[in-house]
Amino acid sequence: MNDDIRKILDDTYDDSREDSIRAMIGDFYSRRMLSVAVLVWVWAVVFFAGAGYSAMKFFKTDQTQEQIMYAALFICLVQFVGLMKVFAWQMMARNSIKREVKRLEIRIAELAKSLDRQAPSGSH
């Protein structure tokens, strides 16, 4: 298993790109994350279009009750656009956290091997 983890890290890890914004965005728009990126963009565009529509309707209506409804709808939809940004950011951060956990697994496995070599054979 240690070799499998090391192979995964060697294939995808580059020290020069570690935890930079550019690297995180590149990981997010990779082939593995294509479905999540499409999901985020589609919903963000839908919410943004809805916010634009509600803003236009707000200024075209004379009824106070409708203006309150369109203003509330606008605020909610803009909040949902922000939610999509937060979701995308969390998905980008998830990849770097997974990479760090894999690095820790490798270090623990190496430490366990070195402890096994140092321990006398009769103490187990």
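Brief remarks follow.
- Tally of residues being surrounded by 11 or more Cβ atoms within 10 Å (Cβ to Cβ), more than 13 Å from the chain's Cα centre (by Cα) and either small (Gly, Ala, Ser) or outside any helix (DSSP H, G or I) (or both) across the range 30-47: 1
- Selection of the range 70-124 for residues being over 26 Å from the mean Cα position of the chain (by Cα) and of a type in the set (S, T, N, Q) yields SER114, GLN118, SER121, SER123.
- Scanning the range 58-116 for residues that are in contact with a Phe, Trp or Tyr (Cβ under 7 Å, 6 or more places away or on another chain) and among the aromatic types (Phe, Trp, Tyr) yields PHE58, TYR70, PHE74, PHE80.
- Complete set of residues in the range 73-118 that are under 19 Å from ALA37 (Cα atoms) and in contact (Cβ under 8 Å) with a residue 60 or more places away in the chain: ALA88, MET91, MET92, ALA93, ASN95, SER96
- Out of ASP62, ASP27, one residue alone is out of contact with any strand residue (DSSP E or B) (no Cβ under 9 Å at 6 or more places or on another chain) and not in a helix (DSSP H, G or I). It is ASP62.
- Residue in the range 65-72 that is without any contact (Cβ under 8 Å) to a residue 60 or more places away in the chain, farther than 30 Å from VAL40 by Cα and not in a helix (DSSP H, G or I) present: no
- Flag if LYS57 is of a type in the set (D, E, K, R) and in contact with a helix residue (DSSP H, G or I) (Cβ under 7 Å, 6 or more places away or on another chain): yes
- For the residues PHE47, PHE87, PHE28, PHE58, the requirement of being over 30 Å from LYS113 (Cβ atoms) and at pLDDT below 90 singles out PHE28.
The values are calculated or read from the model by the stated rules, or taken from the named source; none is laboratory data. Being a predicted model, the structure only gives us computed values, none of them experimental. Positions of Cβ are generated from backbone atoms using ideal geometry, with glycine treated the same way; all protein chains shown enter the neighbour counts.
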